[in-house]
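To start, the structure under review is shown below, and the notes come after it.
The values are calculated or read from the model by the stated rules, or taken from the named source; none is laboratory data. Because the structure is a prediction, the values reported are computed rather than measured. Cβ atoms come from the backbone with ideal geometry, glycine included; neighbour counts cover every protein chain shown. These area figures cover heavy atoms from the full protein model, side chains too; ligands, DNA and RNA do not enter into them. Shrake-Rupley method; radii C 1.70, N 1.55, O 1.52, S 1.80 Å.
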Amino acid sequence: MKNTDTIQLESDVSAKTVVALPERTKALGMYESMVRIRKYEEQIYFLFLEGRISGSIHQSHGQEACAVGVLYDTRPTDYMASTHRPAGHDLAKGVSLRAMMCEMFGKANGCCHGKGGAMHMGDISVGAVPANAIVGSNIPIAVGMAYSCKLRRTDDIVVCFFGDGATNEGGFHEGINGAALWDLPVVFVCENNFYGASTHVQATMKVQTIAERAAAYGIPGERIDGNDLMAVNEAATRAIARARRGGGPTLLELMTYRIAGHSRSDASAYRPDDEESAWLARDPIKLFRGRLVEEKVATDAELDAIENSVQEEVDGAVQFAESSQDPEPEDALRNVYAGEGEV
Amino acid sequence: MPQMSIVEALNQAIAEEMARDERVFCLGEDVSDANGGYGGAFAVTRGLHGKFGPERVLNTPISEMLIVGMAVGAAMAGMRPIADVQYGDFLFCCMDQLVNQAAKMRYMSGGRVSVPMVMRAPVGATGRGAQHAQSLEGFFTHAPGLKVICPATAYDAKGLLKTAIRDDNPVLVFEHKLLYGGKRTESGALSMVGEVPAEDYTVPFGRGVVRREGKDITIVANLLMMYRAMDAAAELDEDDISCEVIDPRTLAPFDYELVIESLRKTRRLMIVHEDTYSNGWGAQLASYIAEHEIYLLDAPIKRLAAYDVPIPCAPVMEKFVIPSTARIIDAARSLMKM
Ligand SMILES: Cc1ncc(C[n+]2csc(CCOP(=O)(O)OP(=O)(O)O)c2C)c(N)n1
Ligand SMILES: [Mg+2]
C-alpha cells in the first residue's frame, strides 16, 4: 500500500508538465529560504542531541518546498496558521530566525518571550500566527481570520497548514465547510507526509487522497508533488489568487516526507526502508538546486555562497541566543489577560 | 515481589483485564505497536497488539471526539473500553463526550444505562509548553457522574486501573508523565519502580493512603507533588517539623475521613497540587475541612498549587509556576509559626 502510493505519485508527477523556473531573484530567494529552513532544523537537532535545548521537537526538514512554495509570494499582512511542526512555515513567512532560536533556548527575547516554545512559534507582526499544538485546531481559527479579512474589506488571505493526520479531526470538517460556505479567503494546505505520528495515512481513511475530500465541501482540491518547489508554487499561486479575488478556499494536498522522526527521539521504525530511501532521494532542495544549475540560473559557486551565508546566520543566532537573558521566573505570571498595562 | 515501573504496572493491569474479560478493549491514537508503531505515546499499551490483535487494540485516526464518543457508545452497548489520549490537554477536544455524554448518561436514563469506560490521560509539565502540560483534574472532579483517579505508585497504578476497568461508571485516570518510569528519558523524571504483587488485586476508590506518618502538619498531595511533599518532609524532619503525607489516590470519590483523622493529630493542613490554584480539588478539600472540621485546626489551611497561568515553556518559568520542594518546606515552616 505504501509503495503503491509512492509509485502512484511519481507517475502522476511525470505525467504533469514541468513548471518553469521563475526569474533569477525569485529563484535564488526561494533557494535561500529553503536552505534557511534546512540549516535551522539541522542545527536544532544537533542542539537537542547535545542537551543544549530541552523539551521536544517536531522538525520540518524534508518539507521545505511546501513551506517556501506556498508562502514565498504571500504578503506580511496575509496570515499563516501553523502546527506542532512550525519552524519551516515560520521561517518562510519571515519570522526572525534569531528570535526563533532564542525561543528554542527559552530566552526572554524569544519570539514568544519564552512562553511558547517549539510548538507555538510565530510572530503576528509578519502574519505568522502562534503555532498550534492541538492537531486540527488551527483550521477553524484560520477560517475566523479569513472572515475578518473579508469583513474588513481587505484582500488579504490566510494560509492554513496541517498534516494528513489532522484531516481526521472534527475541526477539519467544520472549518473547511464554513470557509466554503462563505467563500472565505483561505488556502488549506495539507502536507501529506504519509504519517500522523506512527500511523500511516492509509490506515486512517477509506478514500485514496485527501484532495478528493474537497469535493464534499464544493471546493477545488488538488494533489501535488510537495517536494517539487515549482509545482507547489504554481498551485499555490492559483489558490492564493482565487482566495484574493473572493473566489473562496482551495484544498491543496502536498505529498512530501519528513527527514527526521515525528518527534525528538522517534526513530521512525514504522517507515519501510524502501519508502524512506525513495523519498529521501527526492530531497526538495537537491531537486531544485539541480534545476538551477542545469538550467543555468545559478552556478554551484553561487549556491554554495548562499548556503555558507545562511550557515553563518544560523551559527550567529545560536551564539546570540545562548548569550541572551533568561526570563525572570516571575515573568511567568504576566500575559495571562489583556489589559494589564503590559508591553 | 516483582519490581516494576508505573508504565509496566499499567500495561499489566490492562493485559490482565483484557485476558480476564472479553469486553475490555483499548482504543486511541498510536496505541498499537504493530509494524513499528508506538504502542501508546508513553508505551503503556506496548505488546498488547501481539497478545490481543488489532480489534481489541484499535489504532484510531487523530479524532479525539471519535475515540471518546466510541468509548461511550461501546460502553453503553456492553463493552468495557479503555480510551487513551496522548496528552491530557487533548481531553478538551472531546469535553462534550466526557461531560455531556459519559457523565450524564446514567442519570438521564434514570439509572437504566451505564457507561463503564476508562479514559486514560497523561498530565504534568515537561518543557513542552502550554498545550502539552496541563494538570486538569479540577475540570473533571467538577462533573458529577465521573470518577477521577490519580495513581502515583506502581502498586496503585495497577490496582486502581483494575478497579477502574471493573467499575460501571466512566473513570478518568490521570497519569503523571514524570512518574511513568521505564526507558523514556525526561528531564526531572523520577524513575519510579515499586513492588507489585504477582497475584490479582485491586485498590478501592475513595481510600487515600498515609505515605509517611507525622505529628505536626498533614500534607495532602497527589501525583508528582506527593513525591515533592515526601522530600520536603524528610528535610523538615531535621528542623524538628514532623509531616504526615497523605496521597488521596482518588479525587472523586475523595477520602475526607483519612484527612480528618490525620488532622485530629496534627491540627495543621497543607494541600499541594500541580493543577492550578483556583477552584481545583485542593480548594474543595480546604472548603470541606473549613465547613465541617474547622475546630480541628490550629492554623489557617495552607495551599500550594501551580499559579493561575497556562504552563510556560521556558524551564526557568515552568519551574517557578509549579510548587517545588523548597516552596513546600518554606510553607511548612511558616505554618508552624502560626
Ligand atoms: C488534538 C491532538 N491530538 C493528538 C495530538 C498528538 N499529536 C501531535 S502531532 C500528531 C501527529 C500529527 O500528524 P499530522 O497531522 O499528519 O502532522 P505531521 O506530524 O505529520 O506533521 C499527533 C497525534 C495533538 N497534538 N493534538
Ligand atoms: Mg503527517
TODO: Starting from the Cα of residue A:20, step 7 Å toward the Cβ, then list every residue of segment A:202-236 with an amide N under 19 Å from that point.
DONE: A:229-236
Task: Sites matching trypsin sites (Lys or Arg not before Pro) across segment B:104-159 that sit in DSSP coil, with at most 11 neighbouring C-beta atoms within 10 Å - done: B:112
Task: Percent of Cα-Cα distances greater than 37 Å, calculated over the protein assembly as shown - done: 41 percent
- [ ] Answer with one residue from B:286, A:62, B:10: the one whose Cα lies farthest towards the positive end of the charge dipole of the protein assembly as shown, charges on Cβ with Lys, Arg +1 and Asp, Glu -1.
- [x] B:286
- [ ] Could you give log10 I(q)/I(0) at q = 0.07, 0.10 Å⁻¹ for chain B, computed by the Debye formula over C-alpha point scatterers of equal weight, without solvent?
- [x] -0.28, -0.57
- [ ] Work out the mean other chain Cβ neighbour count within 10 Å for the residues of A:199-208 and drop it here as an integer.
- [x] 3
Open item on the list: Can you tell me which aspartates and glutamates have their Cα less than 12 Å from the Cα of residue B:302? Leave out same-chain residues fewer than eight positions away.
Closed with: B:330
Open item on the list: As a test of the formula, what do you get for chain B when each DSSP H run with n ≥ 4 contributes -39,500 (n - 2.57) and the sum is divided by the residue count, at 222 nm and rounded to the nearest 500 deg cm²/dmol?
Closed with: -10500 deg cm²/dmol
- [ ] Could you tell me whether segment A:184-277 comes out rounded, prolate or oblate from its Cα gyration tensor? Rule is a ≥ b ≥ c as square roots of the eigenvalues, rounded for a/c under 1.5, then prolate if a/b exceeds b/c, otherwise oblate.
- [x] prolate
Open item on the list: What does the net charge come to around residue A:213 if you take all other residues with beta carbon closer than 14 Å to its beta carbon, with K and R at +1 and D and E at -1?
Closed with: -4
Open item on the list: At a cut-off of 40 Å², which residues of segment B:127-144 become less accessible once all protein chains are present than in their chain alone, using a 1.4 Å probe?
Closed with: B:128, B:131, B:132
TODO: Net charge near residue A:51: determine it from the other residues with C-beta under 14 Å of the C-beta of residue A:51, scoring Lys and Arg +1 and Asp and Glu -1.
DONE: -1
TODO: Give the carbon-plus-sulfur fraction of the accessible surface of chain B in %, rounded to a whole number; probe 1.4 Å, heavy atoms of protein chains only.
DONE: 52 percent
Open item on the list: Considering just Cα atoms, how many Å³ per residue does the convex hull of segment A:219-333 enclose?
Closed with: 235 Å³
Open item on the list: Just to confirm my numbers, what's the Cα centroid distance between segment A:278-303 and segment B:300-338 in Å?
Closed with: 55 Å
Open item on the list: Using the Karplus curve 6.51 cos²θ - 1.76 cosθ + 1.60 with θ = phi - 60°, what ³J(HN,Hα) values do you get for each residue of segment B:30-40, in whole Hz, with x for Gly and Pro?
Closed with: 6, 6, 8, 10, 5, 6, x, x, 6, x, x
- [ ] Under 1.5 on a/c is rounded, so check that first for chain A, then, if it is not, pick prolate when a/b is larger than b/c and oblate when it is not; a ≥ b ≥ c are the square roots of the alpha carbon gyration tensor eigenvalues.
- [x] rounded
Open item on the list: Threshold 10 Å², probe 1.4 Å: give the residues of segment B:55-103, in number order, that are less accessible with all protein chains present than with their chain alone.
Closed with: B:59, B:60, B:61, B:62, B:63, B:64, B:65, B:90, B:93
TODO: Could you run the Karplus curve 6.51 cos²θ - 1.76 cosθ + 1.60 with θ = phi - 60° over segment B:116-128 and give me ³J(HN,Hα) per residue in whole Hz, x for Gly and Pro?
DONE: x, 10, 10, 10, 9, 8, x, 10, x, 8, 9, x, 10
Open item on the list: Am I reading the B/A interface right? What is its buried accessible area, both sides, 1.4 Å probe, to the nearest 100 Å²?
Closed with: 2700 Å²
- [ ] Quick one: grab the alpha carbon gyration tensor of segment B:46-149, order the square roots of its eigenvalues as a ≥ b ≥ c, and give me rounded if a/c is under 1.5, else prolate or oblate depending on whether a/b is larger than b/c.
- [x] oblate
TODO: Could you work out the mean count of beta carbons from other protein chains within 10 Å of each residue's beta carbon in A:53-61?
DONE: 3
Task: Neighbourhood net charge (11 Å Cβ-Cβ; Lys/Arg +1, Asp/Glu -1) for residue A:114 - done: -3
Open item on the list: Quick check on my link table: of A:150/A:206; B:104/B:162; A:26/A:206; A:286/B:177; A:107/A:286, which ones sit more than 31 Å apart, alpha carbon to alpha carbon?
Closed with: A:150/A:206; A:26/A:206; A:286/B:177; A:107/A:286
Task: Within straight-line cross-link reach of residue B:265, aspartates and glutamates at Cα separation under 15 Å, skipping those fewer than 8 residues along the same chain - done: B:213, B:216, B:244, B:257, B:293, B:298
TODO: Could you order peptides A:76-88, B:4-16, A:274-286, B:32-44 by the average number of other Cβ atoms within 10 Å of their residues, highest first?
DONE: A:76-88, B:4-16, B:32-44, A:274-286
